[in-house]
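Since every read-out is calculated from the coordinates, none of them should be taken as a lab result. Every value quoted in this text rests on a predicted model; they were computed, and no experiment measured them. Glycine gets a Cβ as well: all are built from the backbone with ideal geometry, and neighbour counts include every protein chain shown.
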Amino acid sequence: MISNKLTDVMPEDLVKQIEQSSDRSMEQALLTLNSIKGKRKEYELNSDAKKIALLNVAQFTLISQMDFGVILKRYFHADLSWELNFNSRVFALTLYEFMNGITSLMNKEFHEAISSMIKTKQEDETFQKILYDLREFRKTNEKTIKYIRHNVIAHKDSDAKFQLEIIESINHGELMQLNLQIFQLISKFHAFLSDISFLRNTPSL
């Protein structure tokens, strides 16, 4: 039997706590996005490639954070088995695109911008730990996410029977946990960027 409530795999009080935290983070992320717009326009006028690269990563992660927050809330309130099936497939698609996008965006200019702003050994260790966690998260989960994404959401196998077999085999509890993990990882990443860079005056996450 398919579980169609997050409370089936997590205590209800923990679900409420996560949902409240997610709502606060999404509100703050939206405020930060709006604040960054002006800074990005300023650096684009000055053709500051390094700071533009850093801002692009910050905006990309914030957009993704809000997307993952919405998907997480839909997990909480899914009432129908097919609604849960669809939500898990949308999550797989969104996560796959995030994992590939963030890797390409953290380019030479981004790393040069970060390197120029890191002042202490602790800051460097924090940054390296974030990069490590993102790499490990991708390495551990990419195969599963890619399989779902390639066969039943971004692209759909022409054999409907095969599609249905994949959909019915999805471990929704596992994907819910991944949703929460990536949401928290992105929050830590942006908090770090805000702390060490010229983003520190934007609303804190």
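What's the local net charge at residue 185, with K and R +1, D and E -1, over the other residues with C-beta under 12 Å away? So the surrounding residues net to +2.
By the count of other C-beta atoms within 10 Å, a proxy for reagent exposure, 61, 120 are ordered fewest to most as 120, 61.
May I ask you to list, by number, the DSSP H helices of the chain whose Cα span along the axis is at least 20 Å and whose average Kyte-Doolittle hydropathy reaches 0.0 or more? Please list the in-between numbers first.
Values: long enough: 12-45 (50 Å, -0.96); 49-77 (42 Å, 0.56); 81-105 (36 Å, 0.30); 121-152 (44 Å, -1.41); 172-196 (36 Å, 0.45).
Sorted by number, the helices that extend far enough and score high enough are 49-77, 81-105, 172-196.
A protection proxy built from the mean count of other Cβ atoms within 10 Å ranks the segments 33-44, 137-148, 86-97, most packed first, as 86-97, 137-148, 33-44.
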